[in-house]
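What follows draws every value from the coordinates through simple rules; no lab data is involved. Bear in mind that the values here come from a model prediction, so they are computed numbers and not experimental data. Glycine gets a Cβ as well: all are built from the backbone with ideal geometry, and neighbour counts include every protein chain shown.
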Amino acid sequence: MRRIKQSKIWEEMERQAPNGSSIPFSFSFVKKKTGAIVNISKATCTSIHSKGSTVNILIDGEIRPKSIRKCLIITFNSASVYL
C-alpha cells in the first residue's frame, strides 16, 4: 500500500480543478468514541483549521460538512497516512 505523510494530505485536500471547483478525494477515519473505521468514497474539503485540530469535509450527498479531527484520518486516496 502507498503511504502519504500527514502534512501532505492538507495540500491534496485543498487542490482545485482549473475551473476552481474542489477536487474530490476518498479517505478513512476512526470514530473517536467507538473506534470504528469509517470509509468515505467521495468528499471535498470546505475548510482546514491550520492551528486547530479539525478539518471540515463535505461528504458527497450530504448538505452540511462534518468536522473531523486531523489525527483520526488513517487513509487518504487509498494511501496509508503516517506522521
Residue among 52, 20 that is of a type outside the set (Lys, Arg) and at positive phi: 20
Residue within segment 63-80 that is without any contact (Cβ under 8 Å) to a residue 40 or more places away in the chain and exposed (fewer than 12 other Cβ atoms within 10 Å of the Cβ) present: yes
Of the criteria (1) touching a residue at least 12 places away in the same chain (Cβ under 8 Å); (2) surrounded by 12 or more Cβ atoms within 10 Å (Cβ to Cβ), which one residue 41 fails: (2)
Residue, surrounded by the most Cβ atoms within 10 Å (Cβ to Cβ), within segment 44-60, restricted to residues that are in contact with a Leu (Cβ under 9 Å, 6 or more places away or on another chain) and over 13 Å from residue 73 (Cβ atoms): 44
